[in-house]
Amino acid sequence: KVKDIGKNNYMFFNKEMIENLKEQIHIGKILREAITEDGFKLVYQPQVCTYTGKIIGFEALIRLKNHNISPDVFIEAAEENGMIIEIGRWVTKEAISQIVTWKNKGLPVKPIAINFSAKQLKDTNYIAFLENTLKEKNVEVKYIEIEITESIFLDEKEETIVFLNRLKKLGIKIALDDFGTGYSSLSYLTFLPVDKIKLDKSLCDKFLEIENIAVMDNIISLAHSLNLEVTAEGIEDMEQYKRLKVAKCNYIQGYLFSKPVEALESEKIYGDNFLEKINDKA
Ligand code: C2E
Ligand code: MG
Ligand code: MG
Ligand code: MG
């Protein structure tokens with residue numbers, strides 16, 4: 001506790017630490033206000049089938065309505081100050097409501113993938129909350145997918161696997177996000193209860209270099225041999241797309257096809273064929 005540190009110990013805090021603390025307090029205030037005053041929104045990025053060019057689902061990505069702070073920054077702050085639990089529940093509820101909106105407008109419902117932070121494992125009633133929300137809103141379980149990152153396995157491995165198996169039993173699909181960053185180990189894939197892997201942008205950016213193509217081909221075919229589907233993330237150009245198609249990558253998510261769009265905008269692009277769209281542009 002701060003008061004236990006004592007009056008004469010201020011020298012333990014350097015300028016940078018003070019600045020960081022101020023920044024955290026500042027973002028903490030913004031997040032608290034956003035949660036009580038409807039200050040968050042979700043935007044939706046299409047996940048496109050490599051072969052048909054059609055949207056197979058969307059990833060929900062959180063934004064602050066009134067502040068231009070990147071989610072990478074405020075989600076990390078929320079993980080540190082514990083607000084991620086509340087925010088995670090808000091995201092879940094909002095995504096399920098969006099499915100209801102699409103349904104009510106007569107659109108053929110497509111799944112939404114939501115990001116689930118490792119820190120949300122502390123939310124021990126999350127699965128019950130998810131189940132109840134789905135029931136309440138009369139939404140089928142198959143329309144929600146959960147994206148986790150490998151960091152979720154760093155500690156409490158057993159607990160995490162129990163948690164994921166419970167989700168899986170419910171019928172929720174699980175995607176391993178940001179694959180190829182951090183601790184990635186291919187052997188993980190043999191025992192993790194996941195359905196899909198998402199190749200990180202940083203990895204995909206390297207695929208066009210000759211020496212990395214074989215690596216990509218091998219990762220994708222290994223995933224397929226384990227019955228996992230593969231999404232490539234952060235795809236911005238046609239050359240990448242073409243090569244990923246050769247490698248039989250199932251789905252593509254990236255600016256080449258679409259940036260994340262506002263909820264209302266999602267309805268307009270719902271039935272689009274993105275392969276036709278980019279061919280028209282070319
Ligand atoms: P992520 O889950 O890996 O999401 C993919 C990020 O890549 C998104 O950034 C997306 O906008 C961006 N992206 C997609 N295609 C392209 C592309 O072609 N080029 C480039 N340059 N970027 C692309 P965003 O929305 O800024 O989110 C960043 C991260 O913040 C996410 O990475 C995720 O880890 C976290 N995040 C976002 N929303 C949530 C949320 O609701 N809950 C949690 N726990 N984390 C979230
Ligand atoms: Mg994600
Ligand atoms: Mg990712
Ligand atoms: Mg990320």
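Only the coordinates and a few stated rules stand behind these numbers; no lab work does. Nothing here was measured: the structure is a model prediction, and the numbers come from that model. Virtual Cβ from ideal backbone geometry, glycine too; neighbours counted across all protein chains shown.
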So how compact is the chain: Cα radius of gyration and Dmax in angstrom? 20.4, 69
Calculate for the chain the 222 nm mean residue ellipticity that helices alone would give, adding -39,500 (n - 2.57) per DSSP H run of length 4 or more and normalising by residue count, nearest 500 deg cm²/dmol. -14000 deg cm²/dmol
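Rounded to a whole number, what is D in µm²/s for region 87-244 from Stokes-Einstein with the Kirkwood radius over alpha-carbon pairs (4 °C, 1.567 mPa s)? Can you show the working numbers first?
On the way: Rh = 16.9 Å.
Here the translational diffusion coefficient equals 77 µm²/s.
If you restrict to DSSP beta bridges whose two residues both lie in the chain, what percentage is antiparallel, to the nearest 5? Can you show the working numbers first?
Values: 13 of 34 bridges.
So the antiparallel bridges amount to about 40 percent of the total.
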So how many Å³ per residue does the convex hull of the Cα atoms of region 16-75 work out to? 95 Å³
Note, region 140-146: 3J(HN,Hα) by Karplus (6.51, -1.76, 1.60, θ = phi - 60°), whole Hz, Gly/Pro = x, goes 6, 4, 5, 8, 10, 10, 10
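Kyte-Doolittle mean at least -0.5 and Cα extent at least 30 Å along the axis: which DSSP H helices of the chain qualify? Show your work: numbers first, answer last.
Numbers: long enough: 15-36 (32 Å, -0.35).
Both cut-offs are met by 15-36.
What ranking do 29-39, 214-224, 271-281 get when scored by the average of other Cβ atoms within 10 Å per residue, highest first? Let's see the in-between values first.
Values: 29-39: 14.8, 214-224: 16.6, 271-281: 13.1.
In decreasing order of mean packing, 29-39, 214-224, 271-281 become 214-224, 29-39, 271-281.
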Divide, for region 163-229, the radius of gyration over alpha carbons by 2.2 N^0.38 Å, where N is the residue count. 1.18
Would you mind checking the radius of gyration and Dmax of region 199-282 based on alpha-carbon positions, in Å? 13.8, 42
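Round to the nearest 0.05 the FRET efficiency obtained for residue 282 and residue 125 when R0 = 51 Å and r is the Cβ-Cβ distance. All intermediate terms of the calculation are to be shown ahead of the outcome.
On the way: r = 50 Å, r/R0 = 0.98.
For R0 = 51 Å, the calculated efficiency reads 0.55.
Semi-axes of the equivalent ellipsoid of region 42-165: what are they in whole Å, largest first, if each equals the square root of 5 times a C-alpha gyration tensor eigenvalue? Walk me through the intermediate numbers first.
Working: eigenvalues 116, 64, 50 Å².
Semi-axis lengths for region 42-165 are 24, 18, 16 Å.
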How far apart, in nm, are two points set 7 Å out from the Cα along the Cα-to-Cβ line at residue 267 and at residue 248? 4.0 nm
Cα atoms only: what Rg and Dmax, in Å, come out for region 116-197? 12.9, 39
Spin-label model distance (nm) - residue 170 vs residue 212, 7 Å beyond Cα toward Cβ: 3.5 nm
